[in-house]
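Only one structure is covered here, and it is reproduced in the block below.
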Amino acid sequence: MIQQSRIRVFYQIANEQIVLGEALSKKCGDIAAMWLKAPMEEILSDDGFRISLYDDGGRRIADKHVSMGTADSILSTVE
């Protein structure tokens, strides 16, 4: 089983990604549960707040669009 070790929160505009922060499993606990709990937003464009799930090797596993509130709640768990 892959151990999910990081969630990266970013804002995407066109082809640019602005990284807002990261939640690491060492500091934030169960990253997989945090990822699953985050509700996915249904939007028509690729712009907006997004989160990416990374494994221990630094490979991106998945992405999803989230609301500003969800992005803020993930970032608030980071010290």
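The values are calculated or read from the model by the stated rules, or taken from the named source; none is laboratory data. The structure presented is a predicted model; accordingly, all values stated were derived computationally and were not measured. Cβ placement follows ideal geometry from the backbone for every residue including glycine, while neighbour counts extend to all protein chains displayed. For accessibility, only protein heavy atoms count, side chains too; no ligands or nucleic acids. Shrake-Rupley method; radii C 1.70, N 1.55, O 1.52, S 1.80 Å.
Couple of notes before you dig in:
- Close amide H pairs (under 5 Å, H built 1.01 Å from N) link residue 5 with 54, 55, 56, residues at least 5 positions away or on another chain.
- Backbone amide hydrogens, once placed in the peptide plane, bring residue 66 within less than 5 Å of 41, 49, 50, 51, excluding anything fewer than 5 places away on its chain.
- MRE, 222 nm, helices only [DSSP H, n ≥ 4, -39500 (n - 2.57), over the chain, to nearest 500]: -6000 deg cm²/dmol
- Probe 1.4 Å, accessible area per residue of the chain, Å²: 66
- Using bins of 5 Å that start at zero, the share of Cα-Cα pairs per bin across the chain amounts to 3, 17, 29, 27, 16, 7, 2, in whole %.
- In terms of the mean number of neighbouring beta-carbon atoms within 10 Å, the peptides 34-47, 51-64 order highest first as 51-64, 34-47.
- In nm, spacing of pseudo-spin labels at residue 15 and residue 46 (7 Å Cα→C-beta vector): 0.9
- Furthest towards positive pole of dipole, 74, 58, 11, structure part the range 6-77, Cβ charges: 58
- Accessible surface of the range 6-77 [probe 1.4 Å, protein heavy atoms]: carbon and sulfur percent: 51
- For the range 6-77: relative contact order, % (alpha-carbon pairs under 8 angstrom, 6 or more apart): 35
- Among 16-23, 70-77, the order from most to least packed when residues are scored by Cβ within 10 Å on average: 70-77, 16-23
- Other residues within the sphere of radius under 14 Å centred on the Cβ of residue 52, judged by their own Cβ, net out at +2 (K and R +1, D and E -1).
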